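Chemist: Here it is, the structure in full.
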Amino acid sequence: MLDRLSFPQPWLSLILFLTWQLLSEGVSGGSVVMGIVLAWAIPQITHGFWPERPAFISPWRMPAYLLRVIKDIIVASFQVAKLILSPRQPRPVFVCYPLELEHPLAISILASTISLTPGTVSADISDDNKLLLVHALDAASDEEVIDAIRTRYEKPLLEMFQ
Amino acid sequence: MSQLAEYTICFLLLLGGAFTLVGAIGLARLPDFFTRLHGPTKATTLGVGAIMLSSVIYFSSQGESIGISEILITVFLFMTAPVSANILAKAAMHIGVKTAENTEGQPWEQ
Amino acid sequence: MIDTVLYLTIGMVTLAALLNVYRLIKGPDAPDRVLALDTLYINAIALIILLGITLGTRMYLESALLIAVMGFVGTVALAKYLKRGSVIE
């Protein structure tokens, strides 16, 4: 019974607690109690959905990664806007991207990053978690897309997770 | 309201509106489903983000507290946009949506 | 100056919503329509925020938050339905 009262995922619990405080417009006794209850209950309920504990090795690299992604999102949006407004037809490409990352959480972060940045959307992942299918809006060749993703996003994630 | 805040708000509003419009133009004129997917996931999300930011600056320059709700909505949109794009792409591949003729490579189905 | 820019922005977002409706009606496939709906709800959030700035109130932000959550769930449910033929397995 007592081990039921613990917080199996402290980071998730902390994020849930803080989000509840922000949502409830002003910290009060009630919102703190409710926040603690939610921070305890939601990880308990969703316990089965988490494949394993997230293995962050160096979380302090996260802010630098996030800054780079935000910068890329802005640059990428200008590129996509230019492409949409120009009269010529884009050259879309489907690329199979060979993954070096192994952790599921790291792969999903990479896939989300790909979807948000330069003219690429991640479409699917193979069953053995080795290949990621990426759709690029306008690219000259496969290698260009693969190189860009590898150097800009996968390398920092590898350093963070392995 | 200070002059700087006013100019920033105007700039962000115009930027946001323009990106939202560009996303919708992309949705309307690009040739196939997979290329259309690019407009909403990037341009529209960034456009709404810019509009949210202008709202945060507007209300804080009016002397109210910093808008937490706007920031929460923006973070939520940025987190969900890639997920919905991904799941829509999967659904489209399952149905076998036609791709544009000049597309290189093939979507796979497993 | 802000008022003029605000009305201009509302015009742009409305035009964007109309283009989304065009894609929603034209299709041609079901995923296109779901994508148009997805973009449409994001545009609705932008319009609500702009309305809030115009009226100088923050009351509408709660509804924008709700639309963001419900819209995402709706998109995922529709996409899942297209893929599997049922929402809950």
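The values are calculated or read from the model by the stated rules, or taken from the named source; none is laboratory data. Note that the structure is predicted; figures quoted are calculated from it, not measured. Glycine also receives a Cβ, built like all others from the backbone with ideal geometry; neighbour counts cover every protein chain displayed. The area values use the complete protein model at the heavy-atom level, side chains included, leaving out ligands, DNA and RNA. Shrake-Rupley method; radii C 1.70, N 1.55, O 1.52, S 1.80 Å.
Chemist: Give the accessible surface of chain C per residue, rounded to a whole number of Å², with probe radius 1.4 Å and ligands, DNA and RNA excluded. Mind dumping the intermediate values first?
Modeler: On the way: 4420 Å² over 89 residues.
In whole numbers, chain C has 50 Å² accessible per residue.
Chemist: Share of chain C's accessible area from carbon and sulfur, percent, 1.4 Å?
Modeler: 73
Chemist: When all alpha-carbon pairs of the stretch A:2-49 are counted, what percent fall beyond 13 Å?
Modeler: That tail contains 52 percent of the Cα-Cα pairs.
Chemist: Calculate the translational D of the protein assembly as shown in whole µm² s⁻¹ from Stokes-Einstein, where the hydrodynamic radius comes from the Kirkwood formula applied to all Cα pairs, the temperature is 20 °C and the viscosity 1.002 mPa s.
Modeler: My calculation gives 99 µm²/s for D.
Chemist: Calculate the mean, over all residues of peptide A:132-141, of how many other protein chain Cβ atoms lie within 10 angstrom of the residue's Cβ.
Modeler: Mean partner shielding for this stretch: 4.
Chemist: Using a 7 Å offset from the Cα along the Cα-to-Cβ direction at both A:W60 and A:S108, what is the distance between the two label points in nm, to one decimal?
Modeler: Modelled inter-label distance: 2.7 nm.
Chemist: What is the sum of charges around B:E70, taking Lys and Arg as +1, Asp and Glu as -1, for the other residues whose C-beta is under 15 Å from the C-beta of B:E70?
Modeler: So the environment of B:E70 carries a net charge of -2.
Chemist: Report, to one decimal in Å, the Kirkwood hydrodynamic radius for the stretch C:41-89 based on all distinct Cα pairs. Mind showing how you got there, number by number?
Modeler: Numbers: mean 1/r = 0.0830 Å⁻¹.
Value: 12.0 Å, from the Cα pair sum.
Chemist: Still on this structure, I have one more. Go through A:K155/B:K90; C:K26/C:K83; A:K155/B:K98; A:K71/C:K83 and tell me which ones have a Cα-Cα distance over 31 Å in this structure.
Modeler: A:K155/B:K98; A:K71/C:K83
Chemist: Counting only protein heavy atoms and a 1.4 Å probe, tell me what percentage of the stretch A:59-161's accessible area is made up of carbon and sulfur.
Modeler: Numbers: 2990 of 4720 Å².
That fraction is 63 percent.
Chemist: Return the carbon/sulfur percentage of the accessible area of the stretch B:3-95, one whole number, probe 1.4 Å, all protein chains in place.
Modeler: Using a 1.4 Å probe with all protein chains present, the stretch B:3-95 comes out at 71 percent carbon and sulfur.
Chemist: I would also like to ask the following. Taking 7 Å along the Cα-to-C-beta vector as the label spot, tell me the B:A5-B:K98 distance in nanometres, rounded to one decimal.
Modeler: The answer from the label model is 5.4 nm.
Chemist: Can you list residues whose amide H is under 5 Å from A:I125's amide H, if they're 5+ apart or on another chain and H is modeled 1.01 Å from N?
Modeler: A:L133
Chemist: State, to one decimal in nm, how far the label point of A:I70 lies from the label point of A:K130, with both points 7 Å from Cα in the Cβ direction.
Modeler: Rounded to a tenth, the inter-label distance reads 3.9 nm.
Chemist: From the phi angles alone, apply the Karplus equation (6.51, -1.76, 1.60; θ = phi - 60°) to the stretch C:59-71 and give each ³J(HN,Hα) in whole Hz, x where the residue is Gly or Pro.
Modeler: 4, 6, 4, 4, 5, 4, 4, 4, 4, 4, 5, 5, x
Chemist: Compute for chains B and A the buried accessible surface, both sides summed, probe 1.4 Å, and express it in Å² to the nearest 100.
Modeler: Values: alone 7940 and 10700 Å², together 15380 Å².
So the total buried area for this chain pair works out to about 3300 Å².
Chemist: May I pose another question? Once you average over the residues of B:7-19, how many Cβ atoms of partner chains fall within 10 Å of each Cβ?
Modeler: Partner-chain Cβ atoms within 10 Å, mean over residues of B:7-19: 5.
Chemist: Defining a contact as two alpha carbons under 8 Å apart and six or more residues distant in sequence, what relative contact order in percent does the stretch A:59-161 show?
Modeler: Details: 118 pairs, mean separation 34.4, N = 103.
Here the relative contact order equals 33 percent.
Chemist: Work out the mean other chain Cβ neighbour count within 10 Å for the residues of A:107-115 and drop it here as an integer. Before the final figure, lay out the partial values.
Modeler: Values: counts 0, 3, 1, 0, 4, 8, 1, 2, 11.
Other-chain Cβ atoms within 10 Å of each residue's Cβ, averaged: 3.
Chemist: Based only on Cα atoms, what Rg/Rh ratio does chain B have, Rh being taken as Kirkwood's radius?
Modeler: Working: Rg = 18.0 Å, Rh = 15.9 Å.
Rounded to two decimals, Rg/Rh equals 1.13.
Chemist: All other residues with a Cβ under 11 Å from the Cβ of A:K130 taken together, and with Lys, Arg as +1 and Asp, Glu as -1, what is their net charge?
Modeler: That sum, taken over residues with Cβ under 11 Å, equals -4.
Chemist: With an 8 Å cut-off on Cα pairs and a minimum separation of 6 or more residues, tell me the relative contact order of the stretch C:2-84 in percent.
Modeler: 29
Chemist: Once Rh is set to the Kirkwood radius over Cα pairs, what Stokes-Einstein translational diffusion coefficient, in µm²/s, holds for chain C at a temperature of 37 °C and a viscosity of 0.692 mPa s?
Modeler: D, rounded to a whole number, is 228 µm²/s.
Chemist: Across the Cα atoms of chain A, what radius of gyration and what greatest pairwise Cα-Cα distance (Dmax) are found, in Å?
Modeler: Values for chain A (Cα only, Rg and Dmax): 19.8, 66 Å.
Chemist: So what does B:E6 come to for accessible area, using a 1.4 Å probe and Å² rounded to 10?
Modeler: Approximately 40 Å² of B:E6 is accessible to the 1.4 Å probe.
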